[in-house]
Amino acid sequence: MRAPISVIIPTLNAEAHLGTCLTSLMPGLEAGLIRELIVSDGGSSDATVALAKEWGAEVIEGSASRGAQLARGCQAAQGRWFLVLHADTALAEGWVGPVLKHFESHQAGWFRLSFDEGGVAGAVVCYWANLRSRFGLPYGDQGLLLPADLYDRVGGYPQQPLMEDVALALALKGHLRPIRATAVTSASRYRRQGWLRRGMRNLWTLARFFVGTSPQRLADSYYRS
């Protein structure tokens, strides 16, 4: 039987973090869980694509819209399970056993969020993120593991530039379970923008999404700031 997991990673100038992300997947490869690695690139100008190919990834190139990138990557995937990771996120040691256990549920699963640094501020953000996830709203930086047939049944990722992870989580309502493993994501954006400022901006963006602001308007505002 073929390995069950297709790993899908959206990238845009992710050279600095991609190697760490891919290294964290090695235990799954050694355990015979990973069938293929798909990197869906949005037009990187650094060495992201070359690095991905060195690791043996299938690289799909197209427009720089995370929702569209993920939709393209998932469309190309052939595994029975999809593992979606951001390029600046790495799975912490010990994830293979919990993932094997999660297969029994045949549901979508998210990983506990942690930061590679951040102290008290990082711990507070993680607490909020993991609490939010238990109410059905995990973000993309926590990773997502789900059966391919469930992904198809709920319509997959919408081809939008922002909040594609929230849109899919809403479509997966009632089908999301926590995985007892940790996804460690980079704190670089929080350090650069300030923990409080970025945290409040994320909350404000989520609130605007729920009152109907278009993903394109949200993206224009989010990336401009």
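The values are calculated or read from the model by the stated rules, or taken from the named source; none is laboratory data. This one's a predicted model, so the numbers in the text were calculated from it and none came from an experiment. So basically every Cβ, Gly included, is an ideal-geometry build from the backbone, and we count neighbours across all protein chains shown. Side chains are part of the model used for accessible areas, which takes the heavy atoms of the whole protein and leaves out ligands, DNA and RNA. Shrake-Rupley method; radii C 1.70, N 1.55, O 1.52, S 1.80 Å.
Using only the Cα atoms of region 24-84, build the gyration tensor, take square roots of its eigenvalues as a ≥ b ≥ c, and label the shape rounded, prolate or oblate: rounded if a/c is under 1.5, else prolate if a/b is larger than b/c, else oblate.
Oblate is the answer for region 24-84, as a/c is 1.5 or above yet b/c matches or exceeds a/b.
Quick one: which residues, 5+ away or cross-chain, put their amide H under 5 Å from the amide H of Leu162? H built at 1.01 Å from N.
HN-HN under 5 Å from Leu162: Gly67.
Short version: ³J(HN,Hα) in whole Hz for each residue of region 133-143, in order, from phi by Karplus 6.51 cos²θ - 1.76 cosθ + 1.60 (θ = phi - 60°), x for Gly and Pro, what are they?
5, 5, 9, x, 10, x, 9, x, 6, 8, x
Rounded to the nearest 20 debye, what is the charge dipole size of the chain about its Cα centre when +1 sits on each Lys and Arg Cβ and -1 on each Asp and Glu Cβ?
900
Which of rounded, prolate or oblate describes the chain when judged by the alpha-carbon gyration tensor and an a/c cut-off of 1.5?
rounded
Around His175, which amide H atoms from residues at least 5 apart in sequence, or from another chain, sit under 5 Å from its own amide H, with H modelled in the peptide plane?
Under 5 Å from the amide H of His175 lies no amide H from a residue far enough along the sequence or on another chain.
Using θ = phi - 60° and the Karplus relation 6.51 cos²θ - 1.76 cosθ + 1.60, list the HN-Hα couplings for region 165-176 in order, rounded to whole Hz, with x at every Gly or Pro.
Computed from phi, the couplings for region 165-176 are 5, 5, 4, 5, 4, 5, 5, 8, 3, x, 10, 10 Hz.
To the nearest 20 debye, what charge dipole does region 117-164 have about its Cα centre, counting +1 at the Cβ of each Lys and Arg and -1 at the Cβ of each Asp and Glu?
200
I'd like the carbon and sulfur percentage of the solvent accessible area for the chain, probe radius 1.4 Å, heavy atoms only, ligands and nucleic acids excluded.
Accessible surface attributable to carbon and sulfur in the chain totals 54 percent.
Mind listing the long-range amide H neighbours of Asp41? Cut-off is under 5 Å, sequence gap 5 or more, other chains count too, H placed in the peptide plane at 1.01 Å from N.
Distant-sequence amide H within range of Asp41: Thr11, Ile60, Glu61, Gly62.
Is the shape of region 59-135 rounded, prolate or oblate, going by the alpha carbon gyration tensor and its root eigenvalues a ≥ b ≥ c, with a/c under 1.5 for rounded and a/b larger than b/c for prolate?
Cα axes put region 59-135 in the oblate bin.
Measuring with a 1.4 Å probe in the full set of protein chains, what accessible area per residue, in whole Å², belongs to the chain?
For the chain, the per-residue accessible area is 48 Å².
May I ask you to derive the FRET efficiency for Arg224 and Glu30 from their Cβ-Cβ distance with R0 = 35 Å, giving the value to the nearest 0.05?
The pair Arg224/Glu30 has a calculated efficiency of 0.20.
As a check on your grasp of the helix formula, calculate [θ] at 222 nm for the chain: sum -39500 (n - 2.57) over DSSP H runs of n ≥ 4, divide by the residue count, round to the nearest 500.
Rounded to the nearest 500, it is -13000 deg cm²/dmol.
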